1. Looking only at segment 83-103, which residues are part of a helix (DSSP H, G or I) and either open to solvent by 40 Å² or more (accessible area, probe 1.4 Å) or not charged (D, E, K, R) (or both)?
2. If you scan segment 231-259, which residues turn out to be part of a strand (DSSP E or B) and touching a residue at least 24 places away in the same chain (Cβ under 8 Å)?
3. Collect the residues in segment 263-288 that are outside any loop (DSSP other than H, G, I, E, B), within 24 Å of the chain's Cα centre (by Cα) and either of a type in the set (Lys, Arg) or surrounded by 19 or more Cβ atoms within 10 Å (Cβ to Cβ) (or both), keeping them in residue-number order.
4. Condition (residue is at pLDDT 90 or above, of a type in the set (Val, Ile, Thr) and open to solvent by less than 20 Å² (accessible area, probe 1.4 Å)) applied to segment 190-200: is it met by at least one residue?
5. Return yes when Leu91 is of a type outside the set (S, T, N, Q), touching a residue at least 40 places away in the same chain (Cβ under 8 Å) and under 29 Å from Thr285 (Cβ atoms) and no when it is not.
6. Do any residues in segment 40-67 that are touching a residue at least 12 places away in the same chain (Cβ under 8 Å) and crowded, with 18+ Cβ neighbours inside 10 Å have Cβ atoms under 8 Å from those of residues that are part of a loop (DSSP other than H, G, I, E, B) and among the hydroxyl-bearing types (Ser, Thr, Tyr), where the two are at least six apart or on different chains, and which pairs are they?
7. Does Ala129 fit the bill of being at pLDDT 85 or above, touching a Phe, Trp or Tyr at 6+ places or on another chain (Cβ under 8 Å) and part of a helix (DSSP H, G or I)?
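The values are calculated or read from the model by the stated rules, or taken from the named source; none is laboratory data. Quick caveat: nothing in here was measured; it's all calculated off a predicted structure. Cβ placement follows ideal geometry from the backbone for every residue including glycine, while neighbour counts extend to all protein chains displayed. Note: areas computed on protein heavy atoms with side chains; ligands, DNA, RNA excluded. Shrake-Rupley method; radii C 1.70, N 1.55, O 1.52, S 1.80 Å.
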Amino acid sequence: MTTTLTRRSSERTQVSVSGSPWIAGDPFATRFLAQAAAGIDWAALTPWIDALDTRWDSPAPLALYKVHLLAHWLKLDAASLEDACLANSALRAFIGAPMHGPIVELHLYRQYASRFADAGQALGKLVAAIELQLIDRGLLPPTEALRGSRLESRKHNSPQPTIVVPQRLRPVAQAQEPIACRVAAQAHETLPSCRALAVLVWPWGDVTMVDHRIAIGRDSEYSSFANHLRADGKISRRHASIEPTESGIIVRDMGSSNGTYVDDQPLGYTGSRTVPHDAVLKFGTDLAVELVFIPA
């Protein structure tokens with residue numbers, strides 16, 4: 001079965017997953033997950049969790065049980081669940097993962113896959129106890145609540161994101177940089193003769209060297225970072241571009257709905273700006289990326 005993940009009425013992105021239907025932009029679905037997260041008393045579930053920890057000889061992170069709940073409720077395998085969570089801010093929030101970037105808990109869940117498979121009965125008791133808690137709080141059992149949604153379907157083939165991470169950033173030479181460069185840096189200007197390596201520092205910790213044109217957006221055919229940004233509905237499918245030049249880094253808005261900013265200054269619709277110094281680039285309302293110049 002195919003799941004449609006809706007972010008805004010003007011922009012609909014569909015993700016193909018196997019299992020129960022799910023609409024990420026549906027107010028019911030978002031409200032249900034928020035209520036379920038608040039309605040689970042994990043402290044009261046200690047006996048069931050302790051039984052699993054004893055079986056495994058080591059405690060599992062609580063986030064893994066949250067991931068397993070989603071897999072159980074949505075009837076998704078690990079790969080399909082990761083695809084859904086990458087595109088869905090409500091699923092990310094339920095797990096406790098940030099809105100942007102890879103979801104570490106999903107990688108860990110795959111590592112625990114054999115343990116979870118071997119503990120089927122004990123794990124089932126924990127899930128049953130959780131669902132009874134939700135029923136006591138007036139929430140429908142998730143497997144019932146998620147049935148009956150009418151969905152559109154489309155085959156989705158998005159490539160895995162390619163993150164460019166320099167193996168080693170070249171250290172600053174022991175000799176001091178030219179005085180003109182130091183003066184320019186103090187004035188927040190960069191002269192063309194002052195060579196520097198520009199990098200982007202993403203909020204999830206990765207570093208990308210700006211030695212080529214970099215596209216920012218949720219369209220996987222446009223941006224290699226689309227998978228890490230899909231859950232943020234404030235980022236357009238083709239939001240912005242970042243490109244190195246002799247005079248600095250050109251940041252260009254590609255007609256985004258929620259704007260592109262350099263140090264909180266808007267570029268304007270389809271506007272651009274050459275950035276010759278360290279700055280914070282903001283795309284939409286929530287994604288802030290640091291642009292850093294490293295003297296080479």
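1. Listed by number, the residues that qualify are Ala84, Cys85, Leu86, Ala87, Ser89, Ala90, Leu91, Ala93, Phe94, Ile95.
2. Ala240, Ser241, Ile242, Glu243, Pro244, Thr245, Gly248, Ile249, Ile250, Val251
3. Ala279, Leu281, Lys282, Phe283, Leu287 - these are the residues of segment 263-288 that are outside any loop (DSSP other than H, G, I, E, B), within 24 Å of the chain's Cα centre (by Cα) and either of a type in the set (Lys, Arg) or surrounded by 19 or more Cβ atoms within 10 Å (Cβ to Cβ) (or both).
4. no
5. So Leu91 passes the test.
6. Final answer for the pair search is Ala60/Tyr112; Leu64/Tyr112.
7. Against the criterion (at pLDDT 85 or above, touching a Phe, Trp or Tyr at 6+ places or on another chain (Cβ under 8 Å) and part of a helix (DSSP H, G or I)), Ala129 qualifies.
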